[in-house]
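One structure is given here, and the rest of the page talks about it.
The values are calculated or read from the model by the stated rules, or taken from the named source; none is laboratory data. The shown structure was predicted, so the numbers you read here are calculated from the model rather than taken from an experiment. So basically every Cβ, Gly included, is an ideal-geometry build from the backbone, and we count neighbours across all protein chains shown.
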Amino acid sequence: MSHLKLTIPFAVLLGGFLICSIASYGKPEYTKATKKACTYCHVDAKAKPKELTDAGKYYSAHKTLDGYQEKK
């Protein structure tokens with residue numbers, strides 16, 4: 001019985017850590033799909049909240065950079 005008192009809270013805590021570590025807001029798939037660096041869409045990749053460049057706003061709306069033209 002004493003093993004359960006330690007095992008159940010440990011399992012819940014471990015499960016919480018796993019769920020939190022899996023959730024991610026920036027996804028490496030985006031950089032692979034677009035072949036662009038994080039800073040192409042984000043003003044500062046480490047800032048919170050994330051500020052998007054014009055390219056990032058376009059990607060957010062269209063889920064692709066196809067058709068996006070950079071301002072000159």
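Which condition number in (1) surrounded by 12 or more Cβ atoms within 10 Å (Cβ to Cβ); (2) at pLDDT 80 or above; (3) touching a Gly at 6+ places or on another chain (Cβ under 9 Å) is the one that Ala55 fails?
Result: Ala55 fails condition (3) only.
Conditions first: (1) modelled with pLDDT under 85; (2) surrounded by 10 or more Cβ atoms within 10 Å (Cβ to Cβ). Ala47 passes all but one, so which condition is the exception?
(2)
Restricting to region 53-70, and then to whatever is among the hydrophobic types (A, V, I, L, M, F, W, C) and outside any loop (DSSP other than H, G, I, E, B), can you tell me which residue is nearest to Lys32 (Cα to Cα)?
So, considering only residues that are among the hydrophobic types (A, V, I, L, M, F, W, C) and outside any loop (DSSP other than H, G, I, E, B), the one nearest to Lys32 (Cα to Cα) is Ala55.
Please identify the pairs in which a residue from region 25-54 that is within 12 Å of Leu65 (Cα to Cα) has its Cβ atom under 7 Å from the Cβ atom of a residue that is part of a strand (DSSP E or B), counting only partners at least 6 apart or on another chain.
These pairs meet every condition: Cys41/Leu52.
Which of the residues belonging to region 1-33 are modelled with pLDDT under 85 and among the β-branched types (Val, Ile, Thr)?
Result: Ile19, Ile22, Thr31.
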